[in-house]
Amino acid sequence: MSAMNKVIWSEGMFLRPQHFQQQDRYWERFIEGRLASFTEHSWGIHSLSIDAEPLTLGKLSLTEIKAVFPDGTPYLAPDIEMPPPILEIPDNTQDLTIFLCVPLKRPGSQDSIRSEEDLPQARYQTYNYDIRNSTSQSSEPARIQIGKLRVCLKTGNDDLSGYASIPVARVIERMPDKPVKLDRDFIPPVVRCSASLNLNSYLQEVAGLLKQRGDALGNRLADSGRAGSAEIADYMLLQVINRFEPQIRQFIDEDHLHPYNLYTSLIQLAGELATFTASEKRAPQLSPYRHDDLRSTYGDLFGALRQSLSTVLEQTATPLALVERKYGIHVAPITDPSMMVSSSFVLAVKADVQTELLRSRFPTQAKIAPVETIRELITTQMPGVKIRALPVAPRQIPYHAGFIYFELEKSGAVWQSFQRSGGFAVHLGANFPGLAMELWAIRN
């Protein structure tokens, strides 16, 4: 037998208060059990307002609160229930969590009291209430007794074993004759993300980082029009960002987003970003979701997202634009002198001649040297930087049908002079009809 079983009503039965009390307990248990099947984390703060003035006097006061306790008890103050009594924070308090508490239901125990001294663990305080009959035009109200939840504030140092409790604040310190200093980074258990300023701030930051990284990648790819393997990685990263950015923007506008639903989406984002930004290319080991400790839950997660979205992704291959000048000389400026040490260089060539002929003749007819000395080498018929044909296009740069790829050999006196040069110069000693050339710097 249970104090939660259904009452069996029958004709002619003698009604007692216990019948209605049992019926109330049955329906409360029925509703709680039915709702619990929809979500595991259905308790927490819906909205909360802390009065700032009592903090200067060493006290904590909640002026407005809407919440659901872990035992399923809804609480709305001051609209329906009484706000909890103001809590005095002792002097020299440090690192103390404050809980909103309601006495637990105890089968066989008295639920309501008339005065505080009668039974401290009773759930309800009895009040007289005059109410009219809602189905009659009679103007005479009738007095009934109603019960308001006996909610209170307690600290983590108190015995909470007889209460359903929700952590609502964390005191960093309260020194004598000083105001209470609350932890602004504390995140209480909430049933909607919009109830926490910290979660909203984190979400806005992630949305901003996604937009910034997406814009940078989009501009880079739209500018280049390339399709090498490095650019494919950029496209894939942009695809991840374009998939999650609209979802995050929707989350920001959504008033009833549960923190668990947000967590499941963001850990997917963190895992996908790790493919591109983590050195081991694996998803980070993040804290599991803990509804009663959202600060730890989201602290690690947002740290991982912030790191991934702030990582500078360097281009592995940079095109150096070759511009044709007089006398068949093509020049490309060196914008970053460090690339001469940290990069290898590939010249992609295409012409309206047979592929094998281009592969064999081009190295003998091309003279590559610094722009400052190219004319001298042409006049004296001295060789420039040696080039050798590659069997395939390097994976970092795009492959185009009909192009032959030549790597510049970083050796010899001519190459050493590039350390002080302002650019590359390419001169051809023969005519190649339909000639097209691309010069690439590939970071090692």
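Could you list, in sequence order, the residues of region 245-281 that are closer than 19 Å to Y298 by Cβ and among the aromatic types (F, W, Y)? F251, Y260, Y263 - these are the residues of region 245-281 that are closer than 19 Å to Y298 by Cβ and among the aromatic types (F, W, Y). Applying the criterion of being among the hydroxyl-bearing types (S, T, Y) and not in a loop (DSSP other than H, G, I, E, B) to the residues of region 172-212, the residue that is surrounded by the fewest Cβ atoms within 10 Å (Cβ to Cβ) is S201. Can you say whether V331 is within 11 Å of F424 (Cα to Cα), part of a strand (DSSP E or B), out of contact with any Asp or Glu (no Cβ under 7 Å at 6 or more places or on another chain) and in contact (Cβ under 8 Å) with a residue 60 or more places away in the chain, as far as the supplied structure shows? So V331 passes the test. Annotation note: Cβ proximity below 8 Å between a residue of region 395-420 that is of a type in the set (S, T, N, Q) and a residue that is in a loop (DSSP other than H, G, I, E, B) (sequence gap 6+ or interchain) occurs for Q396/G228; Q396/T316; S411/K386; S417/E372; S417/T373; Q419/P337.
I need the full set of residues from region 401-426 which are assigned to a strand (DSSP E or B) and either under 19 Å from I442 (Cβ atoms) or within 44 Å of the chain's Cα centre (by Cα) (or both), in order please.
I404, Y405, F406, E407, L408, G423, F424, V426
Checked against the criterion of being of a type in the set (A, V, I, L, M), surrounded by 12 or more Cβ atoms within 10 Å (Cβ to Cβ) and touching a Lys or Arg at 6+ places or on another chain (Cβ under 6 Å), the candidates L76, L62, L48 yield just one match: L76. For region 369-383, check the following and say yes or no: at least one residue is in contact with a Gly (Cβ under 7 Å, 6 or more places away or on another chain), within 17 Å of G429 (Cβ to Cβ) and part of a helix (DSSP H, G or I). Yes, the conditions are met somewhere in region 369-383.
Each value in this text was obtained by applying a stated rule to the coordinates, not by laboratory testing. Worth saying up front: this structure is predicted, and the values here are computed from it rather than measured. Here the Cβ is made from the backbone with ideal geometry for all residues, glycine too, and neighbour counts use every protein chain on show.
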